[in-house]
Amino acid sequence: MSTLHFKSTRSDAEKLTFSEAVVKGIASDGGLFVPTAIPKIDFLDESLSALSYQELAKTILGKFATDFSPEELENCVYSAYNEKFRDARIAPIHTCGTASFIELYHGKTLAFKDMALSILPHFMKTSAIKLGTKEDIVILAATSGDTGKAALEGFSDVDGIEIVVFYPTDGVSDVQKRQMITQEGDNTHVFGINGNFDDAQNGVKVIFTDEKYKADLKKKGYILSSANSINIGRLVPQIVYYVYSYYALVNDERLKMGDEINVVVPTGNFGNILAAYYAKQMGLPVKNFICASNTNNVLTDFFNTGKYDLERRFVPTVSPSMDIMISSNLERFLYAISGSSDTTITSLMNDLKEKGVYEISDEMKDNMKNFFGGYADDVTTIDAIRELYQTFNYTVDTHTAVAYQVYSDYVKKTGDNTQTLIASTASPFKFPRSVLEGLGEDVSSFNDFELVELLSKKAELVIPNPIKNIDKRPILHSGICDKSELHQVVLDVLK
Ligand SMILES: *Cc1c(COP(=O)(O)O)cnc(C)c1O
């Protein structure tokens, strides 16, 4: 098979293999790595529809990681998607009428970030060996909640990698904090930072751009890397579950092979919906994409007007993982709809940086006609949880509820009754307060750990092991620091 290469969205300067792009993370010019061509698969090939999640993953990932041997790929896939997932199907679907939810939250941290962060560490380790990297890799991450825990779980006890996560002491939920400070694994390190998420994020960014510090680390035998969603090694694994779910619908006889579907994704950084778009480029028959936002609806406006405008107020919502102003992965989508024009992307990204706004051309708008943007505020989000529970006896989390609400609006407006896949991105147990509110319970007098028990009874769902009795587990990481101390803290844990 010929080698697939990866280049920056902003220039032609680099051409990298998959391994090189995974270890490097972000291009030198600040752009994101994209494949020079999207590989195709023959979707109508019946034998694909019979594959297990792991076997299908091998087929699809192999089209991108062309410099991995079949054995290396197999090893990565089976190290990631195994009994760590509570459902043998890895990503089961649950159908309510024309809406089929892809449950992406059966991994260790109960959120869809597990789908990619279970395999990224194995990609990284394999790539580093392949490239002859002598240093150990240090993953640094600032987290507002979900990413940090999923990265800790994914990288825990992976040889040759250390992971250091910083969370804001006043910024994460009780359950999220507990999940992190009880993390096991000799190579995991977790610290609270006095301040908010921006303080944590800025502190980490300063380290990433400190060339002298990085040179010192290298002398000690370490290189830095990142696990956030701009890494191409996080994006590609997300294509798999859209393809797998399509075949699951065919096998359930809800679709005939070749029928078109719609896809709805509750969106933050635009990684998950971009993976669905790549699946279509590979050949998956998708008619329309519905990009669902919460009150932070910069993307809704973008799809309606072609203008991306940061001039707006940031609003904390009940779907915090989507509280995002700059959707980094949109850059890869812009690149695709511009006909792979790196000069266009450079100029749009400059506008965003300098003016806080950019507007795309009419041609680019034409190329995104099958994307619909919509949003749901907190009230309609909670209503959607109630409606799904009352109509279908199905309990979803707040992020998935945003998607369902936007989907319902879309169907009302367009009358489009195409069978639809909705990405279900978190377990309801991660957000018990809002979910129970949707189920009509008075939650005011309980703490989050009590609410987990209550939700289990009310929704008749078993409490997933990863958060069972989490308030009684030993605290393994109690360090707190100021953001000015990050450099030293990282040195100390590496010793
Ligand atoms: C990260 C996250 C999202 C947003 O996904 P993107 O790929 O950033 O668009 C949605 N829901 C949940 C629960 C998440 O953790």
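What follows is calculated from the coordinates using simple rules that are stated; it is not laboratory data. Predicted model, so just to flag it, every value in this text is computed and none were measured. Here the Cβ positions follow ideal geometry from the backbone for every residue, glycine too, while neighbour counts run over all protein chains shown.
Could you check the simple spin-label distance between THR418 and ALA88, using points 7 Å along Cα→Cβ, in nm with one decimal?
That separation, rounded to one decimal, is 3.4 nm.
Let me test this: with uniform point scatterers at the alpha carbons of region 1-158, what is the Debye-based log₁₀ I(q)/I(0) at q = 0.18, 0.21 1/Å?
Taking Cα atoms of region 1-158 as identical point scatterers yields -1.30, -1.49.
How many angstrom separate the Cα center of region 397-418 from the Cα center of region 171-187?
33
List the residues, sorted by chain then number, that are 5 or more residues from CYS96 or on another chain and whose placed amide H is less than 5 Å from its amide H.
The list, which skips near neighbours in sequence, is PHE101.
Scan around VAL138 for amide H atoms under 5 Å from its own, H built in the peptide plane at 1.01 Å from N, and keep only partners 5 or more places away or cross-chain.
Those lying under 5 Å, H to H, from VAL138 are GLU162, ILE223, LEU224, SER225.
Kirkwood Rh over alpha-carbon pairs of region 89-217, then Stokes-Einstein at 37 °C and 0.692 mPa s: what D in µm² s⁻¹, rounded to an integer?
Value of D from the Cα-based Kirkwood radius: 204 µm²/s.
When the Cα centres of region 279-351 and region 212-252 are compared, how far apart do they sit, in Å?
Rounded to whole Å, the Cα centres lie 19 Å apart.
If you average over every viewing direction, what projected area does the convex hull of the Cα atoms of region 441-495 give, in nm²?
Taking a quarter of the hull surface, the average projection is 6.3 nm².
How much FRET efficiency would the formula 1/(1 + (r/R0)^6) give for LYS212 and GLU184, where r is the Cβ-Cβ distance and R0 is 45 Å, rounded to 0.05?
0.85
Quickly estimate the mean residue ellipticity at 222 nm for the chain, helices only: each DSSP H run with n ≥ 4 gives -39500 (n - 2.57), and the total goes over all residues, rounded to 500.
It lands at -12500 deg cm²/dmol.
Scale the Cα Rg of region 140-272 by the rule-of-thumb value 2.2 N^0.38 Å and send over the ratio, two decimals.
Region 140-272 yields a ratio of 1.33.
Out of the DSSP beta bridges found with both residues in the chain, what percent are antiparallel (nearest 5)?
Of those bridges, close to 25 percent are antiparallel.
Can you figure out the FRET efficiency of LYS40 with ILE326, using R₀ = 30 Å and their beta-carbon distance, to the nearest 0.05?
Efficiency for this residue pair is about 0.45.
Which of the GluC sites (Glu not before Pro) across region 1-109 are loop residues per DSSP, with 14 or fewer other Cβ within 10 Å?
GLU83
Send over the Kirkwood Rh of the chain, from the inverse of the averaged 1/r over different Cα pairs, rounded to one decimal Å.
23.0
May I have the convex hull volume per residue, in Å³, for the Cα set of region 403-495?
229
Could you calculate the FRET efficiency of LEU131 with ASP492 from 1/(1 + (r/R0)^6), where r is the beta carbon distance between them and R0 is 25 Å, rounded to 0.05?
Plugging the Cβ-Cβ distance into 1/(1 + (r/R0)^6) gives 0.30.
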